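Novice: Dropping the structure in here first, questions after.
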Amino acid sequence: MHKALQFGLLSILAVMQLPAAEIANLRNGFNIRHERHESLGEITRLYLDNETTGSFVDVATSQIASFEPAPSEPNLPNSQVSATQTLNAIISNASSRSQIDADFIASVIHAESANNPRAVSHKGAQGLMQLMPETAKNLGVRNSFDPAENVDGGVRFLRELLLRYNGDAAKALAAYNAGPRRVQQYNGVPPFRETHAYIARVINDYNRLKLAQRRQQSNPASAKAADSESTVETMAEKAHAHPAGTD
């Protein structure tokens, strides 16, 4: 999504549907369900619940194409996602299971949905990792709007792609974005502007996170350890070194 999006703390619990709920249709094809909005000039604030100090998303006003009433909301997260379970915890759990760097997973999620568990693309991809309904079904994901279930399925799919392409993160990301058939068709990253931009977004964000971590390291030994995981190639090799089913 657009770089101007800035998120406050997102609740991943179900939010009661209210008659005033709206859909903000963004120019990049995404839409965001929210309860109300407030115009702040160049920024429009979308409130995700009706609490005075509740969760919100700040979106560049120029990126909003239109607003419309929200339809009945399907299959939102249920009580199995506890109030204390944050997106970071979900990512950490998925990272432990898959042996994929948590920051890489976070970067994919950010590029896919800007951390919005309710995101729906114009093609019908859903949730944090933007799973298409057929892909979600094949992965055993019953509720793509459940953050924990969506991330678990998306990360399993990402792991399969990293293993398929022998740890080549660019090819894995291209397949995640455009589909494995396109990667096979072009024998590598397909010549699609959207796919190239997507890969660059993920890798740039991942490297930014790693650089920030290194700058925070005051212990030289710790900084050296962070350096060893600071590239996408290292992350991909780490995933490849642990074949599925061996964790």
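Novice: Here is a list of conditions, (1) aliphatic (A, V, I, L, M); (2) at pLDDT below 95; (3) in a loop (DSSP other than H, G, I, E, B), and Ile91 meets all of them except one; can you say which number that is?
Specialist: Status for Ile91: all satisfied but (3).
Novice: Select from the stretch 102-127 the residues that are over 20 Å from Arg142 (Cα atoms) and aliphatic (A, V, I, L, M) and write down the one among them that is surrounded by the most Cβ atoms within 10 Å (Cβ to Cβ).
Specialist: Val108
Novice: Pull up the stretch 197-214, narrow it to residues that are surrounded by 16 or more Cβ atoms within 10 Å (Cβ to Cβ) and under 17 Å from the mean Cα position of the chain (by Cα), then point me to the one that is modelled with the lowest pLDDT.
Specialist: Only one residue fits best here, namely Leu209.
Novice: Hey, another quick one. Residues that are closer than 21 Å to Leu209 by Cβ, at least 2 per element: which helices (runs of 4 or more DSSP H) completely within the stretch 95-199 meet that?
Specialist: The qualifying helices (runs of 4 or more DSSP H) are 102-113, 147-164, 169-178.
Novice: Could you list all residues from the stretch 60-86 that are in a loop (DSSP other than H, G, I, E, B) and at pLDDT 70 or above?
Specialist: Across the stretch 60-86, the qualifying residues are Ala70, Thr86.
Novice: Residue check: is Val57 aliphatic (A, V, I, L, M) and modelled with pLDDT under 65?
Specialist: no
Novice: Tell me the residue from Gln99, Gln130 that is under 24 Å from Leu26 (Cβ atoms) and buried (at least 16 other Cβ atoms within 10 Å of the Cβ), please.
Specialist: Gln130
Novice: Test Ala136 against the stated conditions and say whether it is under 8 Å from the mean Cα position of the chain (by Cα), crowded, with 22+ Cβ neighbours inside 10 Å and among the small types (Gly, Ala, Ser).
Specialist: No: the conditions fail for Ala136.
Matching residues to (1) in contact with an Asp or Glu (Cβ under 7 Å, 6 or more places away or on another chain); (2) at pLDDT 60 or above:
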residue	(1), (2)
Val155	no, yes
Leu158	no, yes
Ala178	no, yes
Ser230	no, no
Met235	yes, no
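Novice: Taking the criterion of being modelled with pLDDT under 90, out of contact with any Cys (no Cβ under 8 Å at 6 or more places or on another chain) and under 23 Å from Leu161 (Cα atoms), would at least one residue in the stretch 103-115 satisfy it?
Specialist: Checking the stretch 103-115: at least one residue is modelled with pLDDT under 90, out of contact with any Cys (no Cβ under 8 Å at 6 or more places or on another chain) and under 23 Å from Leu161 (Cα atoms).
The values are calculated or read from the model by the stated rules, or taken from the named source; none is laboratory data. Just so it is clear, the structure is predicted and the values come from calculations on it, not from any experiment. With ideal geometry, Cβ positions are generated from the backbone for all residues, glycine too; neighbour counts draw on all protein chains shown.
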